[in-house]
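The values are calculated or read from the model by the stated rules, or taken from the named source; none is laboratory data. Please read these numbers as outputs of a predicted model, since none were measured by experiment. Positions of Cβ are generated from backbone atoms using ideal geometry, with glycine treated the same way; all protein chains shown enter the neighbour counts.
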Amino acid sequence: MNDAAEGPFTHSEILALLAKVRGTLRSERLLGPSFHLRDLRIEPDGSLVLDGEVNSVAAKKLALEHVAAIAPSVTCIVDRLHVRPAASMSDKEIRLHVRNALIAETGLRALEIFERDGDTCQLMRGVPTGSAGAIEYDVADGIVVLNGRVPGLSSKRLVGVFAWWVPGVRDVFNGLEVDPPEDDSPDLIIEAVRAVLDRDPFVNACQIGVGATETRVHLTGLVPNETERAAAERDAWLIFGVDDVVNDIKVQP
């Protein structure tokens, strides 16, 4: 059998690694034994391509984390995992929802808002004086791309969640630059989770406690139904920089 090297890996090493990736993903509870990727391969440069559809942001983040843990020898992971949208929406409809959410948020009032559609970029909301930065968003095939400059991690995280809240969105690439740069911390993650829960109309944030250890969020409290419990957990998973969520919220009997 010819086991010549294909880039940094031999043919046998590639087959073994791909099999390990498939097995690891199917053992994840949020994906399940029937989970199937549209494309899984190692490129000649040693990068690992993951292409498929998952049911939630939590499943996407956990899949990427698992693969990174078992495949440290790959040069990078090419993330083409997208979330199955909650509703069918055109890119135009998604742009409208993102635009309205950004304009309505008082915490973003000092930021200019630009909408990109292909090669066209249009100012949606200007700032008369003292602009603190700018947000530019684009949508292609249900994927929201965020660029620009914001004054803190809290703004970057909030904008990303607003995009994820649009039911037709399949993915969010949050490329917003934080200027001046800000070191992340559990306290900042807690602050972001609380800010998002406060803005979610389906969650009573006063009933929920939030803690964080590194990038893991811990939710506690008492809520009236499972729908609110699940919404709070989903909100935490949506936040940029959160890699795990422990949901110890109880439902009132």
Of (1) within 22 Å of GLY23 (Cα to Cα); (2) out of contact with any His (no Cβ under 7 Å at 6 or more places or on another chain), HIS97 fails just (1)
The one condition in (1) part of a loop (DSSP other than H, G, I, E, B); (2) surrounded by 13 or more Cβ atoms within 10 Å (Cβ to Cβ); (3) within 22 Å of the chain's Cα centre (by Cα) that ALA63 fails to fulfil | (1)
In the set LEU123, LEU188, LEU197, LEU146, which member is closer than 22 Å to ASP79 by Cβ and without any contact (Cβ under 8 Å) to a residue 40 or more places away in the chain?
-> LEU146
Going by the conditions given, is VAL57 buried (at least 16 other Cβ atoms within 10 Å of the Cβ), under 22 Å from the mean Cα position of the chain (by Cα), outside the structural domain of TRP237 (by TED's automatic domain parsing) and within 20 Å of VAL139 (Cβ to Cβ)?
-> yes
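Given the condition crowded, with 16+ Cβ neighbours inside 10 Å, in a loop (DSSP other than H, G, I, E, B) and touching a residue at least 24 places away in the same chain (Cβ under 8 Å), answer yes or no: does some residue in segment 6-25 qualify? Reasoning before the result, please.
To start, the set of residues in segment 6-25 that are crowded, with 16+ Cβ neighbours inside 10 Å comprises 9, 14, 17-18, 21, 24-25.
Those still in the list that are in a loop (DSSP other than H, G, I, E, B) too: none.
Taking every residue of segment 6-25 in turn, none turns out to be crowded, with 16+ Cβ neighbours inside 10 Å, in a loop (DSSP other than H, G, I, E, B) and touching a residue at least 24 places away in the same chain (Cβ under 8 Å).
Out of VAL178, VAL210, VAL127, report the one residue that is β-branched (Val, Ile, Thr), more than 25 Å from PRO85 (Cβ to Cβ) and modelled with pLDDT under 95.
Details: VAL178 fails: modelled with pLDDT under 95; VAL210 fails: modelled with pLDDT under 95.
Going through VAL178, VAL210, VAL127 in turn, the sole match is VAL127.
Could you check segment 143-157 and list, in sequence order, the residues that are surrounded by fewer than 23 Cβ atoms within 10 Å (Cβ to Cβ) and either in a helix (DSSP H, G or I) or among the hydroxyl-bearing types (Ser, Thr, Tyr) (or both)? Outline the logic, then answer.
From segment 143-157, those surrounded by fewer than 23 Cβ atoms within 10 Å (Cβ to Cβ) are 143, 145-149, 151-154; that's our starting set.
Answer for segment 143-157, where residues must be surrounded by fewer than 23 Cβ atoms within 10 Å (Cβ to Cβ) and either in a helix (DSSP H, G or I) or among the hydroxyl-bearing types (Ser, Thr, Tyr) (or both): LEU153, SER154.
State the number of residues belonging to segment 117-137 that are outside any loop (DSSP other than H, G, I, E, B) and farther than 16 Å from GLU177 by Cβ. Give the derivation first.
Quick first cut of segment 117-137, residues outside any loop (DSSP other than H, G, I, E, B) only: 117, 120-125, 133-137.
The next check asks that each one be farther than 16 Å from GLU177 by Cβ; those that pass are 117, 120-125.
The qualifying residues number 7.
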